[in-house]
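Notes follow the structure.
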Amino acid sequence: MEWILLVLAAAVLVFGIGVVLWNRRRSAGQVGAPAATPLPARPAPAVRPAPDVEAEPEPAAEAPDLEAEPEPAAPAAPAAERPTFRSRMSKARSALAGAFLGIRGRRGITDETWDDLEEALLRADVGVRVTDELLGGLKARVKAKEITEPDALLDALQAEMTSRLAGADRTLHFQPGEPDSPNVWLFVGVNGVGKTTTIGKVAHRQRGEGRSVLLAAGDTFRAAAAEQLTTWAERSGAELVRGSEGGDPSAVIFDGIERASARGIDLVLGDTAGRLHTKTNLMDELRKVRRVAAKGKGRVTEVLLVIDATTGQNGLTQAREFGAATTVDGEGGVTGVVLTKLDGSAKGGIVFAIETELGLPVKLVGLGETIEDLVVFDPADFVDALFATD
Amino acid sequence: MFDSLSSRLEGIVKRLRGKGRLSEADVDEVLKEIRTALLEADVNVGVVRNVVGRIREQAIGARLSEALDPGQQVVKIVNGELTAMLGGETLKLTYAGRPPTVVLMAGLQGSGKTTNSAKLARWFKSQGRQPLLVGADLQRPAAVEQLRTLGRQIDVPVFSEPGDPVATAQRGLAEARRLGKDVLIVDTAGRLSIDAEMMEQVRRISEVIDPHYTFLVIDAMTGQDAVGVAEAFHATLAIDGVIMSKLDGDARGGAALSVKEVIGRPIAFASTGEKLTEFEQFHPDRMAGRILGMGDVLTLIEQAEQAFEKDQAEKAAEKLLEGEFTLDDFLEQLHSLKKMGPLGNLMGMMPGMPKEMKNAQIGDDALKPVEAIIHSMTPLERRKPELINGSRRTRIANGSGTTVGDVNRLVKQFQEMQKMMKKMGMAAPRRASGKKGKKGKGGKPSRGGFPGMAGLPGMGGAPGGGMPGLPGLPGGGGAPGGFPPFN
């Protein structure tokens, strides 16, 4: 009986889906082929005709319950003493430390040295390919007798890793312009990487630098995401625009930009719902958010991909897919990476692959839970912390 | 998961096919590929070392045997080892003699504790229990708010109060007793395993509520660090099982799987989607099959049993084999199918489903146009689609809001499927089909048993299907319906 059911289900399923896919493929070019349109799984209420909307207050977004004129006096400038990589990451014993002690302890460079090095790099999530590249270069130099001592080998590795991350532009792009044309920074990423928290921290920093900031709660999916952002808005003294739960995220972002434009706010930070990069419908939704964000008065100057530092090799795929989804007419794409939760025992080795294979600079790093704990990424410090053996 | 592993192996197996026996160099090459594939799947370095070592041992021993060709031998060994790595029993939950059964949720930030607490509560509810959720994550802004919202969606009460998480958990327990709830799920704040203060806090929570089950929630995308995290939490809390979240992405989940090998605790549940219903008990053996491209047939059967009406389905299957399956029957079965759950998930469980089809995002509404077309046909047309001529086509297309081409394709494919099924029905030896049926249920003999399911895998003959030559896997059979290749 079970098999009958199964075969029946399979036949029906395969047949039905075959039709759907075939139609979809056929009609890929033609517009509005009915059988072909995959409907988004999330409720997406009618799209607001974005380009026509004027800067008047709009119904889709509830007015924030913050005071209308936030005075930029509130947050103190970021604390003078920024947390350093070294101090934060050394809370967790360095991933590479144990292996390095072993390597330094050996006399000469042996097969075990290479095995240990490889394992250490892999443990730091550097990935097979980058590890092979790094060690390949070093092996050649050892063979050529350029390097003969373990210490020199480790120094060479450290230098090589640092140089791989050198030369990238890690500044956050802000273009001053007309007062009614705010800069827009979008934050994207998979679920649970810390997008909302990162926005709160960025808002705090930017307020500290004297910019007026508006937060647009584009995560209309996760329960209470907007509440979480509201808390951050209060803490950092930023304005907030939010939509209804389950509403259209692009409308919320658009409303946020229009409001910022009307009030002469410098910078809009757009939150988006976490989404797995394999969900085509959600990535389509993101594509729309990116498109709509550029339609109004705002200028999208950063699209920041937030990645959890504990992420493994999947991080590379994430970066690639989010890059593709935020590319509009061959332009745009992800402009930088925020690496969060680096204060754990995480090593974040995946950044080597992301930076070298995709050319995406890591711009910010989250080193802790407090509002001050977001710092500018410094490759030398980062690699140094990886190698720290104290 | 492990797609790259199967495709890598496929390549090697092809190369080895002509060889009489495996040389040591062959073995090394295979092992290198396996090692890379596992590492790219984030399987822990140490675990990889062990698994590869075991495979090497067996492969070298196996060179002496000449029964199987070398390619098959290697695949068989890898298959066995992977199953062993994932293996073990499904965690059987037992309920406390004196309710409530207390469950503690722990994990890193962003691993999905709050969502999975709600999913777990919904699961308990579907088992006939009455859960109470406790929001002891007082750290993250609006975490309790999130839990309350989720609780409303699944109609499960949520208890929380501001202040001290330990006190909240304790009072939650008292509340559960007072309300006569038989399951208590305590959501805690995300914490780093190296944060001594926070680990002490969760230890104290654990102390006051004395949980029957402590689940560690791990993100399927986690890298090498997962093992260290699990070890740290295990040392503090004594973990009973792992809940693997975000398994619906393309992360291979190797790290989370390594956890089982390292702390010796099983993966109890897996979260396979954003909806609260997309959460299931984790069956390691089934997962191994899924990874190796054999589909998750048992889960499918379970779902099918719930959704299909037995007699009706049997009749329809009979018709299908005799070539008397009409569009009406099709429609009926389609409705049953929808009850089984989101179509996209079903696809993933289907054995031998080509990758292109698995990855295609099938929304539940995707089949609506198909239904609309059939609904726009007269009863006679549904029985005899060959009647449909030009003017009928136009009428149907207009009636269903589709195009004539769509109607055409549907009819054509339906006829092809009919032909194919008829052939299968005739080809099938008349024997009892209960052979592979689930034990205990006594597969009832029924006519025309499908030829050992062989027709199912390899649908469309598209590339990227199961691992060819895997012993025990049905080879790519005929393609019912003759679907175009999905590229």
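Quick notes on this structure:
- Against the conditions (1) more than 20 Å from A:Ala319 (Cβ to Cβ); (2) buried (at least 24 other Cβ atoms within 10 Å of the Cβ); (3) in contact with a strand residue (DSSP E or B) (Cβ under 6 Å, 6 or more places away or on another chain); (4) not polar (S, T, N, Q), A:Ala225 satisfies every one except (3).
- Count - residues of region A:262-295 that are out of contact with any strand residue (DSSP E or B) (no Cβ under 9 Å at 6 or more places or on another chain) and over 23 Å from A:Val362 (Cβ atoms): 11
- Restricting attention to region A:107-126, the residues that are hydrophobic (A, V, I, L, M, F, W, C) and free of Cβ contacts under 8 Å to residues at least 24 places away in the same chain total 1.
- From the list B:Leu38, B:Leu64, B:Leu9, B:Leu22, the one residue that fits, being in a helix (DSSP H, G or I), modelled with pLDDT under 85 and away from chain A (no Cβ under 14 Å), is B:Leu9.
- Candidate set: region A:129-142, residues that are free of Cβ contacts under 8 Å to residues at least 40 places away in the same chain and within 12 Å of chain B (Cβ to nearest Cβ); chosen: the one farthest from the chain's Cα centre (by Cα): A:Asp132
- Members of region A:198-215 that are part of a helix (DSSP H, G or I), among the polar types (S, T, N, Q) and more than 12 Å from the chain's Cα centre (by Cα): A:Gln206
- Scanning region A:366-381 for residues that are closer than 25 Å to A:Ile103 by Cβ and more than 18 Å from the chain's Cα centre (by Cα), we see that the one that is surrounded by the most Cβ atoms within 10 Å (Cβ to Cβ) is A:Asp381.
- Residue check for B:Val144: of a type in the set (Val, Ile, Thr), out of contact with any Lys or Arg (no Cβ under 7 Å at 6 or more places or on another chain) and in a helix (DSSP H, G or I): yes
- All conditions in (1) more than 12 Å from chain B (Cβ to nearest Cβ); (2) outside any helix (DSSP H, G or I); (3) touching a residue at least 12 places away in the same chain (Cβ under 8 Å) hold for A:Lys145, with the sole exception of (3).
- Residues in region B:140-180 that are within 14 Å of chain A (Cβ to nearest Cβ) and hydrophobic (A, V, I, L, M, F, W, C): B:Ala142, B:Ala143, B:Val144, B:Leu147, B:Leu150, B:Ile154, B:Val156, B:Val158.
- Scanning region A:291-317 for residues that are surrounded by 24 or more Cβ atoms within 10 Å (Cβ to Cβ) and in a helix (DSSP H, G or I) yields a count of 3.
- Residue that is nearest to the other protein chains (Cβ to nearest Cβ) [pool: residues in region A:322-337 that are buried (at least 24 other Cβ atoms within 10 Å of the Cβ) and within 19 Å of A:Val376 (Cβ to Cβ)]: A:Val337
- Of the residues in region A:152-170, not one is over 30 Å from A:Gly136 (Cβ atoms) and either surrounded by fewer than 24 Cβ atoms within 10 Å (Cβ to Cβ) or within 13 Å of chain B (Cβ to nearest Cβ) (or both).
- Considered as a group, the residues in region B:141-171 that are at positive phi and surrounded by fewer than 22 Cβ atoms within 10 Å (Cβ to Cβ) include one that is modelled with the highest pLDDT, and that residue is B:Asp155.
- Within region B:95-115, restricting attention to residues that are within 11 Å of chain A (Cβ to nearest Cβ) and in contact with a strand residue (DSSP E or B) (Cβ under 8 Å, 6 or more places away or on another chain), the residue that is nearest to B:Asp219 (Cα to Cα) is B:Ser111.
- Residue that is surrounded by the most Cβ atoms within 10 Å (Cβ to Cβ) [pool: residues in region A:338-365 that are of a type in the set (Val, Ile, Thr) and more than 14 Å from chain B (Cβ to nearest Cβ)]: A:Val365
- Counted residues, region B:181-216 - those being farther than 12 Å from B:Gly107 by Cβ, more than 14 Å from chain A (Cβ to nearest Cβ) and surrounded by 19 or more Cβ atoms within 10 Å (Cβ to Cβ): 10
- Selection from region A:203-237 of residues that are more than 14 Å from chain B (Cβ to nearest Cβ) and either out of contact with any Gly (no Cβ under 7 Å at 6 or more places or on another chain) or of a type outside the set (A, V, I, L, M, F, W, C) (or both): A:Arg205, A:Gln206, A:Arg207, A:Gly208, A:Glu209, A:Gly210, A:Arg211, A:Ser212, A:Val213, A:Gly218, A:Gly237
- Qualifying residue in region B:121-135 (condition: surrounded by 17 or more Cβ atoms within 10 Å (Cβ to Cβ), touching a Gly at 6+ places or on another chain (Cβ under 7 Å), within 20 Å of B:Ser245 (Cα to Cα) and within 11 Å of another protein chain (Cβ to nearest Cβ)): no
- Residues in region B:324-337 that are more than 10 Å from every other protein chain (Cβ to nearest Cβ) and surrounded by 16 or more Cβ atoms within 10 Å (Cβ to Cβ): B:Thr326, B:Leu327.
- From A:Ala293, A:Ala251, A:Ala319, A:Ala273, residue being under 30 Å from B:Ser271 (Cβ atoms), more than 14 Å from every other protein chain (Cβ to nearest Cβ) and in contact (Cβ under 8 Å) with a residue 40 or more places away in the chain: A:Ala251
The values are calculated or read from the model by the stated rules, or taken from the named source; none is laboratory data. Since we're looking at a predicted model, the values are computed, not measured. Cβ coordinates were reconstructed from backbone atoms using ideal geometry, including for glycine residues, and neighbour counts include every protein chain displayed.
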